[in-house]
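The values are calculated or read from the model by the stated rules, or taken from the named source; none is laboratory data. Everything quoted here is computed from the prediction, not taken from an experiment. Ideal geometry is used to build each Cβ from the backbone, glycine not excepted, and the neighbour counts take in all protein chains shown.
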Amino acid sequence: MKPLNERDPEREERIVMEIIVDAYGPEEQALGWYYSLDERLAFPFSAHCVEPRRISPLQIDEIVQVIGMAPEDDCMHEMFVMVAWQGRELGVPLAQLEPIDVDPNTAEAISDWHYWMAQGYELG
């Protein structure tokens, strides 16, 4: 697999043709990503934290159960997923999670999002 910051024309074509197709601005791109991830991710699944974020309490290597997408309104600038954490549900950035033993479709969807972020693309 190529490093995420190395350009991957095949992945970029899939993203453009399947995820953000017909998106004419940041809001439409965010919705494309949101619905693509919601459709492609097989919830629930386990994931571990690979990147600390100031907006998230998760620590490196902490394992969580990902239970669904965060509400659409929370995903207009970055994709967030809901996790079971310390007895409650919490929204965290998908970019800080790496899935554990997931089906190929889920793995590809998360890898696509990680790639998009690593390339410096942004939503709004």
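Structure summary
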| item | result |
| --- | --- |
| Among the residues listed as Pro71, Pro93, Pro99, Pro104, the single one being farther than 19 Å from Ile15 by Cβ and at pLDDT 95 or above | Pro71 |
| Matching residues, segment 21-58, being modelled with pLDDT under 90 and surrounded by 13 or more Cβ atoms within 10 Å (Cβ to Cβ) | Ala23, Pro26 |
| Residue list for segment 28-52, restricted to those being part of a loop (DSSP other than H, G, I, E, B) and touching a strand residue (DSSP E or B) at 6+ places or on another chain (Cβ under 6 Å) | Phe43, Pro44, Val50 |
| Number of the exception - Gln59 against (1) assigned to a helix (DSSP H, G or I); (2) over 13 Å from the mean Cα position of the chain (by Cα) | (1) |
| Residues satisfying the stated conditions in segment 26-56, i.e. over 17 Å from Ile100 (Cα atoms) and over 13 Å from the mean Cα position of the chain (by Cα) | Pro26, Glu27, Glu28, Gln29, Pro52, Arg53, Arg54, Ile55, Ser56 |
| Cross-chain or 6+ apart pairs with Cβ under 7 Å, segment 24-40 first and within 17 Å of Met69 (Cα to Cα), then of a type in the set (Ser, Thr, Tyr) | Arg40/Thr106 |
| Residue satisfying condition, being surrounded by fewer than 16 Cβ atoms within 10 Å (Cβ to Cβ), hydrophobic (A, V, I, L, M, F, W, C) and touching a residue at least 60 places away in the same chain (Cβ under 8 Å), within set Ala84, Ala109, Ala118 | Ala118 |
| Residues that are among the polar types (S, T, N, Q) and in contact with a strand residue (DSSP E or B) (Cβ under 8 Å, 6 or more places away or on another chain), drawn from segment 86-100 | Gln96 |
| Residues that are loosely packed, with under 14 Cβ neighbours inside 10 Å and of a type in the set (S, T, N, Q), drawn from segment 87-106 | Asn105 |
